[in-house]
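Right, one structure below, let's go through it.
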Amino acid sequence: MSHVVNTLRDRLSSRSARVGVVGLGYVGLPLATEFARAGFSVTGIDLDARKVDAVSHGTSYIPDVPSEEVVRLVSTGQLSATTDFAVCSTLDTVNICVPTPLRKTKDPDMSYIVSAVEQIARHLHPGMLIVLESTTYPGTTEEVVKPMLEAGGMRAGIDFYLAFSPERVDPGNPTFNTHNVPKVVGGLGAESTELAALLYGAAIETIVQVSSPQTAEMVKLLENTFRMVNIGLVNEIALMCDRMGLDVWEVVRAAATKPFGFMPFYPGPGLGGHCIPIDPFYLSWKAKQSGFDPRFIELAGQINGGMPHFVVDKIAEALNRHRKPVNGSTILVLGLAYKRDIDDIRESPSLDVMTLLHQRGAEVRYADPYVPELAGRAWHGGFDLRTQPLTADAIAGADCVAILTEHRTVDYDLVRDSAQLIVDTRNAIAGIHSHVFKIGAPAPAATVEPRVTSDEQRVA
Ligand SMILES: NC(=O)c1ccc[n+]([C@@H]2O[C@H](COP(=O)([O-])OP(=O)(O)OC[C@H]3O[C@@H](n4cnc5c(N)ncnc54)[C@H](O)[C@@H]3O)[C@@H](O)[C@H]2O)c1
């Protein structure tokens, strides 16, 4: 079958290969545009007809991909989109970028990968290269994808090529994007690795080849577990500092001046996004199948999962200073997205904090310039909400403002000067102020005197 490898090698080198990307989300659309920019003819495939229509009309729904770029690539014929997998029969390569969520039981939900691979398998032809990019447990490419693709009689690494390459996109990061973040590639056999490296090498600056798909799968899970565990560690240090009357923000800032052997992580209201709270449990699940009990992941999961509760307790403590109960107080949650400067609310700890406050009887509002509306089904409050304008009146109208995401476009001086009370989980408000409570820091000095037990009631 050496002619098929030569044909694909030539097509990839000359950029005449027809490239497909399955799943046009946060990962797939930036990748598809990057391949198109590199000169390939790219077809995006997604089950969501709205996304396919948007791309076909030159509209981007991913903030990191400008619509002007999509318009340009669609109008020159470099980029197109469809809901129909039949196009796979005309494609030389297919990258799979579909979701990999967890089930309620924290087990991997492989249904999206299985469904996409089932469709691709129907149109698999000799010489095709398939690359899985969805984050998943080590072994998925060989144990799940390979047998499905081989069911028709062709063999991976011989008749068609198969690799895993983890996606490292960091939405909202102005410095690092699909093009300049090194890409790890592990193929099933040397030719699969080489062809996948050739494909990515046309569009991405640095390619890092590893020995197998499992290694590449494990690389991604090490990266995400590293982040999850370190965030868990700094959150625990924040809880400690809170108890000990120390300021964790000052501690981390000073520790970060060490030029070696330390990397700063920052506390917050909990983990969010489609990756860090989820992916390590894929690893945990797989490790348990081998009889290995991964303790760091479970522990970090517990600490990070407890942070929304801690934030709600902090809000209660702050309100208490004003002699107000949570029940009946108006809380303005500032920041719904799971991290700053993006619109993604998946797994956002803000949703947990809002739910807990709602359950305690608070009137919950939110303000987020990136998230105009919150559907009732997206949080456990169960009713729709619309973002509040961040005016002095709206801020002052809340009994407490809880800063949960520190978007850079927010005027924190206005928030500081207008709010009655602030709980700041991100150290967005600089300095110490009598009405600003921070997680992991001593409570501000009281300006309201506590009521003391009356003299008549005291035992002399
Ligand atoms: N978002 C990130 O920052 C990020 C970073 C690194 C890795 N990842 C990983 O990349 C993968 C994709 O994540 P995402 O954030 O792009 O998800 P997403 O939900 O934004 O996009 C996935 C897309 O796949 C489509 N889809 C679902 N099933 C399909 C099918 N059977 N056929 C065709 N299309 C289908 C959906 O309609 C959606 O448009 C996940 O495994 C995720 O863990 C995500």
Testing the spin-label approximation: label points 7 Å from Cα along Cα→Cβ at Thr90 and Asp313. State their distance in nm.
6.1
Could you work out how far apart the two model spin labels at Phe262 and Ser115 are, taking each label as a point 7 Å from the Cα in the direction of the beta carbon, and quote it in nm?
4.8
Please give the direction-averaged projected area of the C-alpha convex hull for segment 49-102, in square nanometres with one decimal.
4.9
Normalised by the residues of the chain, what does the relative contact order come to in percent, with Cα pairs under 8 Å and at least six apart?
11
Of the trypsin sites (Lys or Arg not before Pro) in segment 1-106, which ones lie in a loop per DSSP and count no more than 15 other C-beta atoms within 10 Å?
Arg15, Arg103, Lys104, Lys106
Projected onto the charge dipole of segment 228-292 (unit charges on the beta-carbon of Lys, Arg, Asp and Glu, signs +1, +1, -1, -1), the Cα from Ile276, Ala287, Ala254 with the largest positive-side position is that of Ala287
For segment 112-195, what is the convex hull volume of its Cα atoms per residue in Å³?
105
Need the full-extension length gain, Arg295 to Leu222, defined as separation in residues times 0.36 nm minus the C-alpha distance. One decimal, nm.
24.9 nm
Helix 295-321 sits at what angle to the longest principal axis of the chain, using alpha carbons and giving 0 to 90 degrees rounded to 10?
30
Which lysines, on any chain, are close to Lys220 with Cα under 17 Å apart, when same-chain ones fewer than 8 places away are left out?
Lys183, Lys286
Total charge dipole magnitude, the chain, about the Cα centre, Cβ charges on Lys, Arg, Asp, Glu only, Debye to nearest 20:
360
Residues of segment 223-247 with backbone N under 15 Å of the label point set 7 Å from the Cα of Lys106 along Cα→Cβ are 225, 228-229, 232
Amide hydrogen neighbours beyond the local backbone of Gln209, cut-off 5 Å, H modeled
Val185
Any chance you could check the Cα centroid distance between segment 112-128 and segment 274-306 for me, in angstrom?
30
Which loop GluC sites (Glu not before Pro) in segment 286-351, with loop taken from DSSP, have no more than 13 other Cβ atoms within 10 angstrom of their Cβ?
none
Mind giving me the FRET efficiency for Lys288 and Thr206? R0 is 35 Å, r the Cβ-Cβ distance, nearest 0.05 is fine.
0.55
With the full set of protein chains in place, find how many percent of the accessible area of segment 11-123 is carbon and sulfur; take the probe as 1.4 Å.
51
Based solely on its DSSP helices, what 222 nm [θ] is calculated for the chain when runs of n ≥ 4 H residues each add -39,500 (n - 2.57) and the sum is averaged over all residues, nearest 500 deg cm²/dmol?
-11500 deg cm²/dmol
Mind giving me the FRET efficiency for Ile432 and Ser67? R0 is 45 Å, r the Cβ-Cβ distance, nearest 0.05 is fine.
0.55
Could you tell me, in Å, what Rg and Dmax come out for the Cα atoms of the chain?
25.3, 99
Nearest 10 degrees is fine. How inclined is helix 279-289 to the longest principal axis of the chain, computing both from alpha carbons?
70
Could you tell me, in Å, what Rg and Dmax come out for the Cα atoms of segment 376-449?
13.6, 42
Out of every Cα-Cα pair in segment 327-434, what percent are more than 22 Å apart?
23
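The values are calculated or read from the model by the stated rules, or taken from the named source; none is laboratory data. If you're wondering where the values come from, they're calculated on a predicted model, not measured in any experiment. Every residue, glycine as well, gets a Cβ built from its backbone with ideal geometry; the counts of neighbours run over all protein chains shown. What goes into the accessible areas is simple: the full protein's heavy atoms, side chains included, and nothing from ligands, DNA or RNA. Shrake-Rupley method; radii C 1.70, N 1.55, O 1.52, S 1.80 Å.
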